[in-house]
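Rule-based calculations on the coordinates, nothing more; no lab input. Everything numeric in this text was worked out from a predicted model, so none of it was measured. Reconstructed Cβ throughout: ideal geometry from the backbone, glycine too, with neighbour counts over all protein chains shown.
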There are 2 protein chains.
Amino acid sequence: MKPLIAATPEEFREKRGIDARVLHEVLEVDLKARRVLVRRLDDSTEFREAFDCLVIATGAVPIVPNVPGADAGGIYNLSSLETGLTVRKAVDEEKPETAVIVGGGYIGLEMAEALVMRGLKVSLVERADQVMGTLDPDMGELVSRALIKIGVSLYRGESLTGFETDSGKVRAVVTDKRTIPADIVIMGLGVRPNSALAEKAGVPLGVRGSIKVNERMQTAVEAVWAAGDCVESFHHVSRRPVNIALGTHANKQGRVAGINIGGGYATFPGVVGTAASKICALEVARTGLQEREIKELGLEYVAGKIESSTRAWYYPNAGRITVKILAEKGCGRLLGGQIVGIEGAAKRIDVIAASLHAGFTVQDMINLDLSYAPPFSPVWDPVLIAARKALEMI
Amino acid sequence: MKPLIAATPEEFREKRGIDARVLHEVLEVDLKARRVLVRRLDDSTEFREAFDCLVIATGAVPIVPNVPGADAGGIYNLSSLETGLTVRKAVDEEKPETAVIVGGGYIGLEMAEALVMRGLKVSLVERADQVMGTLDPDMGELVSRALIKIGVSLYRGESLTGFETDSGKVRAVVTDKRTIPADIVIMGLGVRPNSALAEKAGVPLGVRGSIKVNERMQTAVEAVWAAGDCVESFHHVSRRPVNIALGTHANKQGRVAGINIGGGYATFPGVVGTAASKICALEVARTGLQEREIKELGLEYVAGKIESSTRAWYYPNAGRITVKILAEKGCGRLLGGQIVGIEGAAKRIDVIAASLHAGFTVQDMINLDLSYAPPFSPVWDPVLIAARKALEMI
């Protein structure tokens with residue numbers, strides 16, 4: 001049995017200097033015959049290959065809007081290292097002066113920062129009223145302010161309606177409220193599971209069109225496994241299936257699938273929704289459920305939000321950190337946490353994530369024996385201060 | 001009822017610019033009569049004061065060795081902000097050229113760094129074979145190397161036998177192996193609970209002479225409470241009483257005592273042995289039990305030790321982090337963790353501490369949904385890689 005990768009071709013190319021060019025593309029999976037139809041990418045010849053066991057790790061694909069001019073030159077979707085290199089080359093060679101980012105998620109924000117640092121005039125268009133939609137609005141506002149501070153023109157609550165083009169090249173981004181000149185456009189509208197191949201083959205899908213798997217990464221079809229951005233995961237806090245495209249989950253799931261396929265035993269029990277990002281000097285992190293998600297589940301909650309210091313107040317380079325802890329009303333069960341602050345802020349989300357895995361209440365949290373020394377934290381870690389604040393409100 | 005503080009006088013003075021001079025010292029507690037004998041520090045007059053409720057928060061006192069010359073000038077015990085200011089003044093005014101630190105705990109190491117930075121020739125004497133005795137020897141070795149690298153002359157496995165003095169001023173530190181010239185000596189032999197007042201009054205003591213308290217910070221004597229470095233705590237991992245002198249515990253315990261005395265309800269369930277320190281560019285952290293402590297409990301364990309990177313390997317300022325995870329043989333229960341690394345390393349101990357509170361196994365740990373982004377971590381957080389390593393050895 002030869003190993004075959006059912007992935008988008010560019011995914012593995014040039015990563016870490018390893019020649020991982022994908023030479024084959026899987027066009028079709030025949031589950032009954034246990035065969036795949038494969039196309040060689042160098043000469044486009046096709047052949048069939050039998051399998052004993054199939055792993056679908058097709059990842060995610062960028063969401064592309066169906067608006068006029070979307071296929072013009074100068075509009076880039078970021079989905080792989082390769083597309084990142086393409087954008088860098090375009091900036092180096094074509095020397096664009098204005099850039100518009102469409103989408104205020106972490107890819108959009110990180111690109112905004114990168115292009116500001118390259119000297120471009122950067123605008124960002126976001127359909128929602130806030131950037132970083134995985135944060136609550138009050139925490140997202142802190143990120144918006146940081147973007148504006150570095151010179152990004154921020155257009156929130158505006159929808160993309162199309163692009164103005166000139167000779168097949170983008171000239172401006174058009175929203176429902178204005179037209180913004182653009183030499184280069186970065187699309188950051190998020191991704192969706194790349195499950196077309198699985199669906200076509202008859203592998204059952206779940207939430208958001210992701211592939212349904214059990215904790216061992218088996219699909220509903222015998223001998224067919226799946227892992228990564230294309231699969232469904234269990235969310236420990238909402239207790240619902242979710243599809244979250246993150247390298248951490250993909251990597252863990254790949255390990256679990258591999259162990260099981262190799263005859264071992266491993267499970268991937270689920271996620272708690274942790275994510276982190278850095279925008280300029282600002283570190284941003286979140287885990288668990290945000291207010292909107294809690295409301296959707298019909299739960300009631302309290303929010304403990306505090307401002308504190310990343311280090312002891314008198315220690316060099318101490319700076320502001322805002323921590324928000326969400327806990328269930330009555331029982332005090334921890335539901336989520338969000339952090340925005342300077343260097344040293346984001347990684348504190350991990351202790352909230354571990355607390356979610358543990359099923360802690362905010363009462364449990366305030367007793368946590370977290371580390372303290374002036375270079376690292378105030379005596380009460382900001383996470384614990386926020387938990388105390390939430391506890392007072394239960 | 002007037003509030004009275006039974007604490008060493010220097011403890012609260014000049015902290016944070018607040019005039020918190022302690023004006024009274026409690027000389028004696030009469031538990032039957034519910035009265036304390038108090039001395040005014042300004043005029044040495046004494047008086048008795050009745051109490052309804054007494055809080056003993058006498059902290060800890062530095063361990064002072066009983067060796068010849070120990071009372072000479074130029075030998076400093078560090079136990080409060082005030083003593084720190086005294087040392088700084090001595091360095092500024094007397095311009096010592098050579099310093100000897102006695103004791104390789106975190107106070108000793110932080111002082112070694114501070115004095116090297118002030119341009120002194122610094123030697124450090126430690127009775128044990130390693131500095132940072134709260135780490136396992138292999139992890140302590142990483143700290144020793146960092147000290148040697150910044151120019152500290154390190155004498156491990158040597159015991160202090162006395163001091164050479166000249167006109168009442170220290171001239172050299174004498175060990176069982178050599179004599180080391182010293183213009184200034186810093187004693188960092190640790191602290192012991194300051195429980196003399198409580199003991200004399202008949203309040204029952206526990207481990208290491210610390211005051212026995214229940215989870216609400218009540219001593220065994222009615223209406224007498226205690227909190228801070230002078231009390232006993234429950235260790236969640238060893239399930240034994242311990243006395244650990246740290247501001248984090250003292251602060252939490254003070255809050256709990258205060259709430260209970262005020263008619264509320266709060267508990268301090270215990271500690272897991274977390275501590276962190278920074279020596280030069282090196283961050284050091286530990287939690288739970290170290291190998292020696294595990295062996296003393298008669299338990300068997302595996303140690304997963306790995307080297308990884310504080311950030312994604314390609315990200316600016318990424319650097320080495322060593323993580324060691326100790327887990328119980330067979331069941332895989334997490335027993336402890338130790339971290340040594342550059343900036344960004346130490347605070348990762350908190351996720352291990354939270355995992356200890358949760359009673360996680362290393363199997364539980366490897367499923368933790370910890371944050372990832374290139375500025376913060378490799379895709380697998382180093383803590384999880386170490387847990388995986390331990391899991392393989394169970």
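Using a simple spin-label model with pseudo-atoms 7 Å out from Cα toward Cβ, residue A:292 and residue B:95 lie 6.6 nm apart. Taking the Cα centre of region A:284-393 as reference, the dipole from Cβ charges on Lys and Arg (+1) and Asp and Glu (-1) amounts to some 220 debye.
So how do B:195-203, B:66-74 stack up, highest first, on mean other-Cβ count within 10 Å?
Details: B:195-203: 18.6, B:66-74: 14.4.
Ranking the peptides B:195-203, B:66-74 by packing returns B:195-203, B:66-74.
Pairwise Cα separations in region A:275-352 fall into 10 Å bins from 0 onward with the following percentages, short to long: 20, 45, 26, 8, 1.
The mean count of C-beta atoms from other chains within 10 Å of the C-beta of residues in B:375-383, rounded to a whole number, is 5. Distances, shortest first, from the label point of residue B:319 to those at the same position in the other copies read 1.8 nm; the point lies 7 Å along Cα to C-beta. Of B:208, A:239, the sequence from fewest to most neighbouring Cβ atoms within 10 angstrom is A:239, B:208. Between B:366, B:342, B:327, the Cα set farthest toward the positive side of the dipole of region B:283-393 (charges on each charged residue's Cβ, about the Cα centre) is that of B:342. The alpha carbons of chain B stretch over 67, 56, 40 Å along the principal axes, in descending order. The value of relative contact order for region B:64-189, using C-alpha pairs under 8 Å at least six residues apart, is 35 percent. The charge dipole of the protein assembly as shown, taken about its Cα centre with unit charges on the Cβ of Lys, Arg, Asp and Glu (plus for the first two, minus for the last two), comes to roughly 500 debye.
Measuring nothing but how far apart in sequence close Cα pairs (under 8 Å, 6+ apart) lie, relative to its length, chain B scores a relative contact order of 12 percent. Label-point spacing for residue A:92 across the identical copies (point 7 Å from Cα in the Cβ direction), in nm and ascending order: 5.4. Which one, B:221, B:117, B:394, projects farthest toward the positive side of the charge dipole computed for the protein assembly as shown from Cβ point charges (K/R +1, D/E -1)? In the protein assembly as shown, that residue is B:221. Averaged over the residues of peptide B:339-351, the number of Cβ atoms from other protein chains lying within 10 Å of each residue's Cβ is 5. Picking from A:264, A:193, A:161, whose Cα lies most toward the positive end of the charge dipole for chain A (charges on Cβ: Lys, Arg +1; Asp, Glu -1)? It is A:264.
Think of each Lys and Arg Cβ as +1 and each Asp and Glu Cβ as -1; about the Cα centre, that makes the dipole of chain A roughly 480 debye. A Förster radius of 30 Å, combined with the Cβ-Cβ distance separating residue A:214 from residue A:83, puts the computed FRET efficiency at roughly 0.35.
For the protein assembly as shown, build the convex hull from the C-alpha positions and give me its volume per residue in Å³.
Output value, Cα hull per residue: 190 Å³.
What separates the residue A:216 label point from its copies, with the point 7 Å along Cα to Cβ, is 5.2 nm, written shortest first. Highest-first packing order for the peptide set B:119-128, B:99-108 is B:99-108, B:119-128, based on the mean count of other beta carbon atoms within 10 Å. Under 5 Å between amide hydrogens, built in the peptide plane, is the criterion, and for residue B:224 it picks out B:54, B:219 among residues at least 5 positions away or on other chains. Between region A:162-195 and region B:273-291, the C-alpha centres lie 50 angstrom from each other. Think of it as helices only: each DSSP H run of n ≥ 4 in chain A is worth -39500 (n - 2.57), and spread over all residues that comes to -7000 deg cm²/dmol at 222 nm. Take A:172-185, A:131-144, A:334-347 and order them by the average number of nearby Cβ atoms within 10 Å per residue, most first; the result is A:334-347, A:131-144, A:172-185.
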